[in-house]
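Have a look at the structure below, then the notes.
The values are calculated or read from the model by the stated rules, or taken from the named source; none is laboratory data. This structure is a prediction, so every number in the text was calculated from the model and none was measured. Cβ placement follows ideal geometry from the backbone for every residue including glycine, while neighbour counts extend to all protein chains displayed.
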Amino acid sequence: MPTYAYKARDRSGKLVEAVMEAATQRDVAANLREKGLIPTEITLPKTGLQGDIKLPAWLDFGSQPNLRDVTVFSRQFATVINAGLPVVQSLAILQRQAEKEGLKDALKKIREEVETGLPLSEALAKHPKIFNRLYVYLVRAGEASGNLDGILERIAAYQEKQAALRGKLKSALTYPVVVLVIALAVTFFLLTGIVPQFAGILTQLGGELPLITRILMAISTFLLTKWWLLIIMVVGAVVGTGLYYRTNAGRHVIDALLLRLPVVGNLIQKTAIASFSNTFGLLLKSGVNIIEAIEITKGTAGNVIVEDVLDEAKGAVQRGEQISVTLINRPKVFPPLVSSMISIGEETGAVDSMMEKIASFYEREVNEAVESLTAALEPLLIVFLGGVVGFIVAGMFLPMFAIIGQLSG
């Protein structure tokens, strides 16, 4: 039977460290609870022969928590806080239950920092890759209002909505990307496997080849002999675009172009508005002041054109103006429906409730935009694939028909 090392706290909060023989960690925890102790850590003592080999954090991708992990943590945290457990004890329980090592390590550090007297929000702020600025501000608001469990419930609901939005975008893009990859693979196979064989036959037969056939043979020869140049061109284009996007001018050019794209631009705009409305409404409802709420929301927009408009709105509020005044002047980014609803919210003092209504409306709009995008891309991809295959077939068979015609004549 293995021997486990454990750390636990008694009812007065005193830390107890010892070892215990038990079949499983669950048995250790049960025995400790029977003794009136609250376990915070249960581990197998490591020896020189049985120590775990851990990859560095930057290599162990599977240990890093994602949005779903943080959402589950928020729900669980709200539940245990609502049950009346202290923050430190709640963190200890959630640390043991965390599946990802990255989240488990972070919660351990956060718990230790909270035990020393550091506010929870400040302890969370030391782990920005897991708990972003929005999360920290909301927790800070929850600490100030004494409604931490309610705030955590709102965070979890917000994160679930964000995850749903991302899932819809992924589902909209997955099908066309898969079809495009298959189409490119089939095209590459035809150009490098089938076309060269036909090209050899046509060359032996002689005669003037049509322009379409000569173009096809040139493409085939290029892919067979200069494939490495094509890879360099593709990688160079991707890296170059990425580097350009990192510049301020590049972000403005590319993000503006994305918003102008047919169908796709409409989806990007509606997704940005839904995300903005959710985030801004949540911050206002949680008691964050409007200037900080705009600043945080701006950082989660995901599009620099939207960020610019929110920056203008922030300046307007600082001058004593209403947010809607700025949004009304940017109808291409924020449609009149959004600015008018926010204006009504400002007049009635219910901006947070109005933002929830806007978010709900645009979430439905995103659903429709996803369906429209899928419906539009499917025939386009079929036409593209049919056109490529038709071009290859025409390039190969037209000269053969001409040669057969000459022989029969």
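Does the stretch 97-118 contain at least one residue that is closer than 21 Å to Asn278 by Cα, surrounded by 16 or more Cβ atoms within 10 Å (Cβ to Cβ) and small (Gly, Ala, Ser)? Talk me through it step by step, then tell me what you get.
Filtering the stretch 97-118 for residues closer than 21 Å to Asn278 by Cα gives none.
No, the stretch 97-118 has no match at all.
For every residue, the table says whether it meets (1) under 25 Å from the mean Cα position of the chain (by Cα); (2) loosely packed, with under 15 Cβ neighbours inside 10 Å; (3) among the polar types (S, T, N, Q).
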{"residue": "Lys298", "(1), (2), (3)": "yes, no, no"}
{"residue": "Glu307", "(1), (2), (3)": "yes, no, no"}
{"residue": "Ala313", "(1), (2), (3)": "no, no, no"}
{"residue": "Gln318", "(1), (2), (3)": "no, yes, yes"}
{"residue": "Ile323", "(1), (2), (3)": "no, no, no"}
{"residue": "Leu327", "(1), (2), (3)": "no, no, no"}
{"residue": "Val333", "(1), (2), (3)": "yes, no, no"}
{"residue": "Ser340", "(1), (2), (3)": "no, yes, yes"}
Flagged in the stretch 1-44 as exposed (fewer than 12 other Cβ atoms within 10 Å of the Cβ) and not in a strand (DSSP E or B), in numbering order, are Met1, Arg11, Ser12, Gly13, Lys14, Ala23, Arg26, Glu34, Lys35, Gly36
Can you list residue pairs whose Cβ atoms sit under 6 Å apart, with the first residue in the stretch 371-389 being closer than 14 Å to Tyr175 by Cβ and the second being among the β-branched types (Val, Ile, Thr) and in a helix (DSSP H, G or I)? Count only pairs 6 or more apart in sequence or on different chains. Leu381/Val179
Segments classed as helices (runs of 4 or more DSSP H), wholly inside the stretch 303-400, with at least 3 members that are out of contact with any Ser or Thr (no Cβ under 7 Å at 6 or more places or on another chain) and among the charged types (D, E, K, R): 304-318
Criterion first (in contact with a Leu (Cβ under 6 Å, 6 or more places away or on another chain), at pLDDT below 85 and under 26 Å from Phe401 (Cα atoms)) does Pro210 satisfy it? yes
Failed criterion for Ile358 (all others in (1) more than 21 Å from Ile290 (Cα to Cα); (2) crowded, with 21+ Cβ neighbours inside 10 Å hold): (1)
Hey, Leu283 touching a helix residue (DSSP H, G or I) at 6+ places or on another chain (Cβ under 7 Å) and more than 30 Å from Asn147 (Cβ to Cβ) or not: no
Evaluation of Lys170 against (1) of a type in the set (D, E, K, R); (2) in the same structural domain as Pro86 (by TED's automatic domain parsing); (3) part of a helix (DSSP H, G or I) (one fails), failing number: (2)
Do you know which residues across the stretch 102-147 are over 25 Å from the mean Cα position of the chain (by Cα), over 18 Å from Ala293 (Cα atoms) and not basic (Lys, Arg)? Glu112, Glu113, Val114, Glu115, Thr116, Gly117, Leu118, Pro119, Leu120, Gly146, Asn147
